[in-house]
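S.K.: Can you read through this structure? Questions will come right after.
Values in this text are rule-based calculations from the coordinates and carry no lab data. Quick caveat: nothing in here was measured; it's all calculated off a predicted structure. Every residue, glycine as well, gets a Cβ built from its backbone with ideal geometry; the counts of neighbours run over all protein chains shown.
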Amino acid sequence: EPEVTQTPSHQVTQMGQEVILRCVPISNHLYFYWYRQILGQKVEFLVSFYNNEISEKSEIFDDQFSVERPDGSNFTLKIRSTKLEDSAMYFCASSETPTGNSVGYTFGSGTRLTVV
Amino acid sequence: GQSLEQPSEVTAVEGAIVQINCTYQTSGFYGLSWYQQHDGGAPTFLSYNALDGLEETGRFSSFLSRSDSYGYLLLQELQMKDSASYFCAVRDGGFKTIFGAGTRLFVKA
């Protein structure tokens, strides 16, 4: 079964450092997303990406965040200057359609980001 | 504002039936989805309702009433492995799906 792959599984970084989280979406999917989940809390939308541009972003996704699809397979989330409150599990997801519809989004296993 | 409300936790015994409710208030509506998440794992898609009524997939069923902005997930013949968090989610009309806070289901022997 096709899957979304995320690397690394766990990243520890010092406050103020830049981090790049990597994702390889399912190859025939066109819509890509980043979500985050602070421990024990809900899954929060960060950004959606389609046709090589951001289609929507949340208020969390400020100037410190950026996304890129540098080639035909990778989809990255960059946090320019990490803060303690950025510590969370970051999930990448992809879908064939913008709604997910009858098959939903496929999520990766996540990257646990710990900012110290 | 946009919100999805669901109970924080539910406990049931193995073999029983449990219903997890979700009410939503969003600027747009393009269907209600349900996801399951085990501790430390990724959310996995369970079901999707775009129209009113009941959708059945094995032991899991999902219901939607658009006029009431309400839906539920019904889990039958509960098994220990069903212990997990369950999230309802709505695409609000843009390119994002909003998740509820999740319902933690504890299945007891």
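S.K.: Are any residues in the range A:1-54 in contact with a strand residue (DSSP E or B) (Cβ under 8 Å, 6 or more places away or on another chain), within 9 Å of chain B (Cβ to nearest Cβ) and in a loop (DSSP other than H, G, I, E, B), and if so, which ones?
M.R.: A:Val4, A:Lys42
S.K.: Further question: Report, by residue number, each residue of the range A:34-46 that is surrounded by 16 or more Cβ atoms within 10 Å (Cβ to Cβ) and touching a residue at least 24 places away in the same chain (Cβ under 8 Å).
M.R.: First, pick out the residues of the range A:34-46 that are surrounded by 16 or more Cβ atoms within 10 Å (Cβ to Cβ): A:34-37, A:42-46.
If the condition is that a residue be surrounded by 16 or more Cβ atoms within 10 Å (Cβ to Cβ) and touching a residue at least 24 places away in the same chain (Cβ under 8 Å), then A:Trp34, A:Tyr35, A:Arg36, A:Gln37, A:Val43, A:Leu46 are the ones that fit.
S.K.: Please go through (1) out of contact with any Gly (no Cβ under 6 Å at 6 or more places or on another chain); (2) more than 12 Å from every other protein chain (Cβ to nearest Cβ); (3) within 30 Å of A:Arg112 (Cβ to Cβ); (4) part of a strand (DSSP E or B) for B:Pro7 and return the number of the only condition it doesn't satisfy.
M.R.: Against the list (1) out of contact with any Gly (no Cβ under 6 Å at 6 or more places or on another chain); (2) more than 12 Å from every other protein chain (Cβ to nearest Cβ); (3) within 30 Å of A:Arg112 (Cβ to Cβ); (4) part of a strand (DSSP E or B), B:Pro7 comes up short only on (4).
S.K.: Report, ordered by the first and then the second residue, all pairs with beta carbons closer than 8 Å, sequence separation of six or more or different chains, a first member in the range A:56-67 that is in contact (Cβ under 8 Å) with a residue 24 or more places away in the chain, and a second member that is hydroxyl-bearing (Ser, Thr, Tyr) and in a strand (DSSP E or B).
M.R.: What qualifies is A:Val67/A:Thr76.
S.K.: Within the range A:69-94, track down each residue that is assigned to a strand (DSSP E or B) and within 14 Å of A:Leu30 (Cα to Cα).
M.R.: A:Phe75, A:Cys92, A:Ala93, A:Ser94
S.K.: Are any of the residues in the range B:19-39 under 24 Å from B:Ala109 (Cα atoms), touching a residue at least 40 places away in the same chain (Cβ under 8 Å), polar (S, T, N, Q) and not in a strand (DSSP E or B)?
M.R.: Checked against the condition, which is being under 24 Å from B:Ala109 (Cα atoms), touching a residue at least 40 places away in the same chain (Cβ under 8 Å), polar (S, T, N, Q) and not in a strand (DSSP E or B), the range B:19-39 yields no hits at all.
S.K.: Just checking, does the range B:50-69 include any residue being of a type in the set (Phe, Trp, Tyr), buried (at least 17 other Cβ atoms within 10 Å of the Cβ) and touching a Gly at 6+ places or on another chain (Cβ under 7 Å)?
M.R.: Yes, the range B:50-69 has at least one match.
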